[in-house]
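Input: a single structure, listed below in structure tokens.
Just so you know, all these numbers are worked out from the coordinates, no wet-lab data involved. Given the structure is predicted, the values throughout are model-derived calculations rather than measurements. With ideal geometry, Cβ positions are generated from the backbone for all residues, glycine too; neighbour counts draw on all protein chains shown.
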């Protein structure tokens, strides 16, 4: 068989699969109709109407999320790509970014929630000439923006960062004075004055956090926070009303909420951060029930 497949130029796995197919097997691609593609295109347009910066993968994730909620059949990303390409809805290919000469071998992401949080600041220029500054705390596993602060003006003072840390701990651990001594949670940031301030580091340690800072001239070491800033500006700030600072500040809560609840993330298997957290919680419950059943046996 190996010699025959090699002579024909086909894979043995494919020949094996075809040989063992059931008699009632049908190629699902043969059942596609222009009407089916038209319906899919309508669903895609509905999902990305207010999200023009979403590519075919995120569009597919949103369509499948809606179909799953309605008990429908999920669609393949390749089909979404083909339908969007025919309709001219694909995004232009992004320019290749230049990478620094400094070698980065570390990994920012972690395998479990509340093991490492990251933070950074961003600025939004308004048409009025005003500037809105913001900072955020993001989990390096589930990617949820746990807490954030925004204000009119330039620069990043230390007080909003300290308030944000207290809120983040309360949201994840409840009204506690500090984390349990055996819970190791890192707080990763760059070397901005608000983060390296003695008062900020003292507050972080009093909450049970371990403040760590990136090496100088190494933004990749805080790549998850840097990536979020780019995503937030591309997918949210770019379609905001930037008339003045008050208008921008009024739109930020909905933007952060949309990112946490709706925005599909490739590292989370195209789930949103909170969808991923609910999935994690469900898995933990099933594991607990399974362990209890085994103990009863």
>> For the stretch 194-210, which positions are crowded, with 16+ Cβ neighbours inside 10 Å and farther than 29 Å from residue 266 by Cβ?
In response: 194, 197, 200, 201, 203, 204, 207, 208
> Among (1) closer than 21 Å to residue 143 by Cβ; (2) touching a strand residue (DSSP E or B) at 6+ places or on another chain (Cβ under 6 Å), where does residue 233 come up short?
Replying inline: (2)
> Given the conditions (1) within 30 Å of residue 188 (Cα to Cα); (2) surrounded by 12 or more Cβ atoms within 10 Å (Cβ to Cβ); (3) out of contact with any strand residue (DSSP E or B) (no Cβ under 7 Å at 6 or more places or on another chain), and given that residue 111 satisfies all but one, which numbered condition is not satisfied?
Replying inline: (2)
> Quick one: residue 187 ticks every box in (1) touching a residue at least 60 places away in the same chain (Cβ under 8 Å); (2) in a loop (DSSP other than H, G, I, E, B) bar one, so which box is it?
Replying inline: (2)
> Within the stretch 270-284, can you find the residues that are under 14 Å from the mean Cα position of the chain (by Cα) and assigned to a helix (DSSP H, G or I)?
Replying inline: 273, 274, 275, 276, 277
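With respect to residue 41, determine if the residue is more than 24 Å from the chain's Cα centre (by Cα), surrounded by 12 or more Cβ atoms within 10 Å (Cβ to Cβ), within 28 Å of residue 266 (Cβ to Cβ) and in contact (Cβ under 8 Å) with a residue 40 or more places away in the chain. Break it down into steps so the answer makes sense when it comes.
Details: more than 24 Å from the chain's Cα centre (by Cα): yes; surrounded by 12 or more Cβ atoms within 10 Å (Cβ to Cβ): yes; within 28 Å of residue 266 (Cβ to Cβ): yes; in contact (Cβ under 8 Å) with a residue 40 or more places away in the chain: yes.
Answer is yes for this residue.
With the structure loaded, tell me whether residue 222 is in contact with a strand residue (DSSP E or B) (Cβ under 7 Å, 6 or more places away or on another chain) and in a helix (DSSP H, G or I) or whether it fails that test.
Working: in contact with a strand residue (DSSP E or B) (Cβ under 7 Å, 6 or more places away or on another chain): yes; in a helix (DSSP H, G or I): yes.
Judged against the criteria, residue 222 is a match.
Could you tell me which of the residues 161, 145 is buried (at least 18 other Cβ atoms within 10 Å of the Cβ) and under 15 Å from residue 211 (Cα atoms)?
Values: 145 fails: under 15 Å from residue 211 (Cα atoms).
On inspection, the qualifying residue turns out to be 161.
Quick check on this structure: which one of 231, 247, 288 is without any contact (Cβ under 8 Å) to a residue 60 or more places away in the chain and surrounded by 11 or more Cβ atoms within 10 Å (Cβ to Cβ)? Give the derivation first.
Details: 247 fails: without any contact (Cβ under 8 Å) to a residue 60 or more places away in the chain; 288 fails: surrounded by 11 or more Cβ atoms within 10 Å (Cβ to Cβ).
Result of the check over 231, 247, 288: 231.
Can you tell me how many residues within the stretch 250-265 are assigned to a loop (DSSP other than H, G, I, E, B) and either crowded, with 19+ Cβ neighbours inside 10 Å or more than 14 Å from the chain's Cα centre (by Cα) (or both)? Lay out the reasoning, then the answer.
To start, the set of residues in the stretch 250-265 that are assigned to a loop (DSSP other than H, G, I, E, B) comprises 262-264.
Subsequent filtering for residues that are either crowded, with 19+ Cβ neighbours inside 10 Å or more than 14 Å from the chain's Cα centre (by Cα) (or both) retains 263-264.
So the answer is 2.
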>> Please go through the stretch 124-142 and give me each residue that is crowded, with 18+ Cβ neighbours inside 10 Å and more than 30 Å from residue 278 (Cβ to Cβ), ordered by number.
In response: 124, 126, 130, 132, 133
